[in-house]
Amino acid sequence: MPFIKIWIHLIFSTKNRAHLITKELKRILLAHIRENAKSKDIYLDSVNCVSDHIHLLVSLKGEQSISKVTMLLKGESSYWINQNNLSKLKFEWQDEYIAVSIGESSLTKVRKYIADQEEHHKKKTFAEEYEELIKEYGFEKLRG
């Protein structure tokens, strides 16, 4: 049996960064995403969101890929929100997402960062955070 532990910090926003996640939706959305991840055998360590985006810390298993796990979490959650009429407008996640690997030594820091999202975004918008992450991880070189 292989021993695999690959930590991924996933970040994705609502379509066009629309502020669709209300406080009430946040509460039930986070619980639903946890349940959905568990049912799909996705190890979800941490999850939190604000009105226009979500952060997740997942550990991939050997047969799982980042794109498949992300698709399962994004697609099912937006479908569930719309089927249950939990948003006044059609709920969609943006197609693009950020996925970065996290080393064991950074787990506590990333967990705290995810938990503190509401406080963090009192000082910085998601657009500012997004651009910082793009630069921090060198994604601007990949943009072409």
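Let me spell out the model: positive unit charges on the Cβ of Lys and Arg, negative unit charges on the Cβ of Asp and Glu, origin at the Cα centre of the chain. What dipole size does that give, in debye rounded to 20?
Approximately 220 debye in magnitude.
Mind running the shape call on segment 88-144? Use the C-alpha gyration tensor, a ≥ b ≥ c as the square roots of the eigenvalues: rounded below 1.5 for a/c, prolate if a/b tops b/c, oblate otherwise.
oblate
If we count trypsin sites (Lys or Arg not before Pro) as exposed when they sit in a DSSP loop and have at most 14 other beta carbons within 10 Å, what is the longest stretch of the chain that avoids them all?
That would be 6-39.
Return the loop-located GluC sites (Glu not before Pro) in segment 40-114 (DSSP other than H, G, I, E, B) with at most 11 other Cβ atoms within 10 Å of their own Cβ; answer none if there are none.
Filter output for segment 40-114: 63, 96.
What is the Rg over Rh value, at two decimals, for the chain, using alpha-carbon atoms and the Kirkwood definition of Rh?
Looking at the chain, the ratio lands at 0.95.
Using helices alone, what [θ] at 222 nm do you get for the chain, with -39,500 (n - 2.57) per DSSP H run of 4 or more residues, divided over all residues and rounded to the nearest 500?
-12500 deg cm²/dmol
Relative contact order for the chain using alpha-carbon pairs under 8 Å, separation at least 6, rounded to a whole percent?
33 percent
Each reported figure results from applying straightforward, stated rules to the coordinates on display, with no laboratory input. Note that the structure is predicted; figures quoted are calculated from it, not measured. Counting neighbours? That spans all protein chains shown, and the Cβs are built from the backbone with ideal geometry, glycine included.
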